[in-house]
1. Rounded to the nearest 0.05, what FRET efficiency do residue 9 and residue 278 have when you use their Cβ-Cβ distance and R0 = 25 Å?
2. Given a Förster distance of 45 Å, report the FRET efficiency between residue 252 and residue 196 from their Cβ-Cβ distance, rounded to the nearest 0.05.
3. How long is the gain from residue 164 to residue 109 if the chain were fully straight, where each residue apart is worth 0.36 nm and the alpha carbon distance is subtracted?
4. Go from 0 up to the bin containing the longest alpha carbon distance in segment 112-151, width 5 Å each, and give me the % of pairs per bin.
5. Order the peptides 229-236, 121-128 from the highest to the lowest mean number of other Cβ atoms within 10 Å of their residues.
6. Using the Karplus equation 6.51 cos²θ - 1.76 cosθ + 1.60 (θ = phi - 60°), what ³J(HN,Hα) coupling, rounded to whole Hz, does each residue of segment 249-264 give in order, writing x for Gly and Pro?
7. For a quick check: with amide H placed at 1.01 Å from N, whose amide H comes under 5 Å from residue 285's, ignoring anything fewer than 5 positions away on the same chain?
8. In whole angstrom, how long is each semi-axis of the equivalent ellipsoid of segment 1-153, when you take the square root of 5 times every eigenvalue of its Cα gyration tensor and sort them from largest down?
Amino acid sequence: MNIDIKKIFTSVKEYALVTVGILMYVIGWDVFLIPNNLIGGGVTGIGSIVQYATGGLIKVGYTYFAINLILLIIALRTLGKGFGGKTVFAILIASVGLTAFQSIIPKDIIQALAIDNGKLMSTIMGGVFSGVGIGLCISQGGSTGGTDIVALVVNKYRGVSPGRMILWMDVFIILSSFLVPSYTADGALMPWTEKLTTVIYAFVLTAITSTVLDLYLSGSKQSVQLFILSRKYAEIADAITHDLHRGVTVLNGKGWYSKQDTEVLMVLTRKSDLNILLKYVKTIDPDAFLSVASVTGVYGKGFETIKLASRQKRS
């Protein structure tokens, strides 16, 4: 029963963080980017182009939901049913937010935060909010869908790098805005000179979002290695395994000063979980000796995976 409660609590926490991440992503678009008629890559970028082309009649959220619905059906058929409930949840929240928040957020707040500060600052702020929001969502096992799904499907059959695939799709989406007329909120047709600067801002936005996303994920996924020496090593190992759900390796050692045999616990965990683990060990044995070191990469169950590109044999 206790284990079930912890699983429920963990699941609720993960979905709550996914929600926070998606809301940050939505705020980045609805507060900073859309009011300035800015565009970007991905499905949201397509949605923004459609909204500007229709004079605001078809909101970003509608296009975002329709395209992602099609992509999700394709993903479920090709990648399997375990593709991800959090991704479906994130897409639903984002679809509602990208539509509703444009009417809910007060105009004076948007004017003060975005329009008065200019397009460059709005591009930077929108990129930061989007990058952190996507990173928070991904770190909890979710995804904003869109071009990510296309890249995963193509990668399964062709072995093309997902990152490169997403990059080229974003470039195509941004450049395609030249072919579609854009109207401002007051109904004025955007001149081609302004569309040119909008495309430049879109590439800047893509670079900022990618950089912030990488910085966030590299920090949240950083791992540490612990060595624990304690007379209560068995009790600590059981607690870490059963309560914290982390693997423990028991190493045989010998104290050279005391010439006594001892057991050393080795634990690999996320840096974000370090404080909880340290406090847990100290509650069991306040005199435990611990050594903590950062590691550059951990691959295996519970951590990162090494993906090998499939090579097609030529006949």
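The values are calculated or read from the model by the stated rules, or taken from the named source; none is laboratory data. Because the structure is predicted, anything quoted here is derived from the model rather than measured. Don't worry about glycine lacking a Cβ; one is built from the backbone with ideal geometry, like all the others, and counts go over all protein chains shown. Side chains included, ligands, DNA and RNA excluded: accessible areas come from the protein's heavy atoms. Shrake-Rupley method; radii C 1.70, N 1.55, O 1.52, S 1.80 Å.
1. Here the calculated transfer efficiency is 0.75.
2. 0.10
3. 16.1 nm
4. Pairs per bin, as whole percents: 5, 22, 19, 19, 13, 13, 8, 1.
5. The most tightly packed comes first, giving 121-128, 229-236.
6. Karplus-based 3J(HN,Hα) across segment 249-264 equals 10, 9, 10, 7, x, 8, x, 6, 6, 8, 6, 10, 6, 8, 10, 10 Hz.
7. The list, which skips near neighbours in sequence, is empty: none.
8. 28, 19, 12
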